[in-house]
1. Pairs of Cα atoms under 8 Å, at least six residues apart: use those to get the relative contact order of chain B, whole percent.
2. Under 1.5 on a/c is rounded, so check that first for region A:13-81, then, if it is not, pick prolate when a/b is larger than b/c and oblate when it is not; a ≥ b ≥ c are the square roots of the alpha carbon gyration tensor eigenvalues.
3. Could you tell me which of rounded, prolate or oblate describes the protein assembly as shown, using a ≥ b ≥ c as the square roots of the eigenvalues of the alpha-carbon gyration tensor, with rounded for a/c under 1.5 and, failing that, prolate when a/b is larger than b/c and oblate otherwise?
4. What is the distance in Å between the Cα centroid of region A:46-97 and that of region B:38-104?
5. Could you list A:TYR49, A:TYR89, A:TYR10 so that the one with the fewest beta carbons within 10 Å of its beta carbon is first and the one with the most is last?
6. In nm, give the distance between the simple-model label positions of B:MET107 and A:TYR10, each being 7 Å from the Cα along the Cα-to-Cβ direction.
7. Could you work out the relative contact order of region A:64-110, using alpha carbon pairs under 8 angstrom and six or more residues apart, expressed as a whole percent?
8. Run the numbers on chain A and let me know its relative contact order in percent, using alpha-carbon pairs under 8 Å that are six or more apart.
Amino acid sequence: KAGVTQTPRYLIKTRGQQVTLSCSPISGHRSVSWYQQTPGQGLQFLFEYFSETQRNKGNFPGRFSGRQFSNSRSEMNVSTLELGDSALYLCASSQGTDTNTDTQYFGPGTRLTVL
Amino acid sequence: GQNIDQPTEMTATEGAIVQINCTYQTSGFNGLFWYQQHAGEAPTFLSYNVLDGLEEKGRFSSFLSRSKGYSYLLLKELQMKDSASYLCAVRDNAGNMLTFGGGTRLMVKP
């Protein structure tokens, strides 16, 4: 089975721009979660999508948004980029149907640099 | 909310055993995960505990005590390739959200 894929792998943007990142989950998985990883804050949860609906949300400003399509692929968008948004953005997929046993598997991440 | 603590760095010798501890204070608990992350790569799943006790998977074992808010990851017969960061994460009752500790960077020396 193919793993989680994320595109693009690397991205350089300037302050004020907006960016869209894409994640394709493992085949059969319906839940996609997004995380931000920085050296200072570690791994922090952004949001989770299941069956095209946002099911959970972390403590990030409204500039961070996402969506999920009917084929479970997900995108996240960051508007009005700030220097502090430079990070590794990780997507994780899981079956999503039983949160008591669900295990999340991570993609390779998108490294975003904001100049 | 959740608060998860683990040591920042550890060093061990090839062939030895190392134990990485994780303590947590949570408003809800629905499982604890351990992930391994090599520099520049994605975290990979190692183990999951939801009930008290020890889970063994080859050279890796993970232990959980819910009453103490404590877990450890035990790595046996250390290999150089085990040099990586080890992340402890807790899932709360609210759903599928994981809260991660800061990670423990393990350096294995010859």
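Read-outs throughout are calculated quantities, based only on the coordinates presented, and are distinct from any laboratory measurement. Source: prediction; values computed, not measured. Here the Cβ positions follow ideal geometry from the backbone for every residue, glycine too, while neighbour counts run over all protein chains shown.
1. 37
2. Working: a/c = 1.92, a/b = 1.52, b/c = 1.27.
Prolate shape, in that a/c is at least 1.5 and a/b is the bigger ratio.
3. Details: a/c = 1.79, a/b = 1.43, b/c = 1.25.
It comes out prolate by the Cα gyration axes.
4. Each part's Cα centre sits 24 Å from the other's.
5. A:TYR10, A:TYR89, A:TYR49
6. Placing both labels 7 Å beyond Cα along the Cβ direction yields 2.6 nm.
7. Computed over region A:64-110, the figure is 27 percent.
8. Once normalised by length, the contact order is 36 percent.
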